[in-house]
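Heads up: the structure comes next, in structure tokens.
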Amino acid sequence: MTTAFVLSGGGSLGAAQVGMLRALTAHGIRPDLVVGASVGSLNAAYFAARPDAHGVEELVELWRQVGEHDVYPLQLSEVVRGLLGSFPLRPVRGAAAAFGLRNHVFPIDPLLILRAAAGRVNHLFGNRRFHRFLDHALPLSRIEDATLDLSVLAADACNGRGVLLTGGPAVPALLASIAVPGFHPPVEIDGRPLIDGAVANGTTLDHAIERGADEVYVLAPSLSCHVPAPPSTVLAMTIHGYNLLEEQRMNASIERARTQAKLHVVPSPSPVEISPIDFRQTVHLMQAATHSTNQWLDHDRQTDSSPATGPESR
């Protein structure tokens, strides 16, 4: 039997995947194959490189670092609160934090934003700072160096076709898989401009089954993480709508896959009502997901399983 972990997107909700991985690893569940897309590609790559409890705790610390620097960008109220030094949940204070000057994922560059507004570039945020962060933090240089079989899903920016990256430099692959169209620049790999794997014409679950997985753990934290009201900023609203579309596609993939593989849909912690660009709740999300996944593994996992119907169903 080939077991796969599939990790989808969700922006800052990707922190919940770390808690899921922590619980799964503690229960001795180890995959043969890991497929990640969007923010899930970062978690997939780190876990596939170091698929043990120590590696997961290193990933926890990596997310803590992101959570200490990435604020809710382009939000006037946050700017004012930061200037007043009144972020109650954050160790970073002052104007630099408020204006997103220390961000890894959403670095604020006024000149770039002006160029985007003038139609000179096709993205609002650069990826050089995140590239440097990954170069320093990632425990592998090439995809094929991972301990587990690792695949990173991106999408061709011209036609939306899924591009499954199974070898080559890891950092460009992750930057491509995380490149939300309009927000981050496409990344050229082998002559193709690639963007966020969440928009590919197939989900991580579809590709895992195509690669022969017959037991799959689905780590999709955005499936049940909804906000109580529509976000109040352009950036947050766009990412939220983007995640809702991805959620619908993953739900459709799950329904298709139930006749092809034994599925375990790891539940997200509930209730979680956090914007997918709000990284201030990173620690809470990891802890909540660890608890909810442990509870699910101890009591409820069998109710979420769907037996495979045999090789002929693939």
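The values are calculated or read from the model by the stated rules, or taken from the named source; none is laboratory data. Values in this document were obtained by computation on a predicted structure and should not be read as measured data. Neighbour counts run over all protein chains shown; Cβ positions are idealised from the backbone, glycine included. These area figures cover heavy atoms from the full protein model, side chains too; ligands, DNA and RNA do not enter into them. Shrake-Rupley method; radii C 1.70, N 1.55, O 1.52, S 1.80 Å.
Here the gap between residue 128 and residue 210, fully extended at 0.36 nm per residue and compared with their Cα-Cα distance, gives a gain of 26.2 nm. What residues from the range 121-163 fall in the zone where the backbone N is under 19 Å from a label point 7 Å along the Cα-to-C-beta line of residue 52? Zone members listed by number: 138-141, 145-150.
A crude spin-label estimate for the pair residue 161 and residue 244, with each label 7 Å from Cα along the Cβ direction, gives 3.1 nm.
A Förster radius of 25 Å combined with the Cβ-Cβ distance from residue 299 to residue 30 puts the calculated FRET efficiency at roughly 0.75.
Based on the mean of other Cβ atoms within 10 Å per residue, sort peptides 3-9, 192-198 so the most packed one is first. Write out the running numbers ahead of the final one.
Details: 3-9: 29.1, 192-198: 25.7.
Going by the mean number of other Cβ atoms within 10 Å, highest first, we get 3-9, 192-198.
Taking a probe of 1.4 Å, how large is the accessible area per residue of the range 125-248, in Å²? Display every interim value, and only then the final one.
Working: 5010 Å² over 124 residues.
Per residue, the range 125-248 has 40 Å² of solvent-accessible surface.
Every Cα-Cα pair of the range 142-245 was included, and the share exceeding 22 Å stands at 37 percent.
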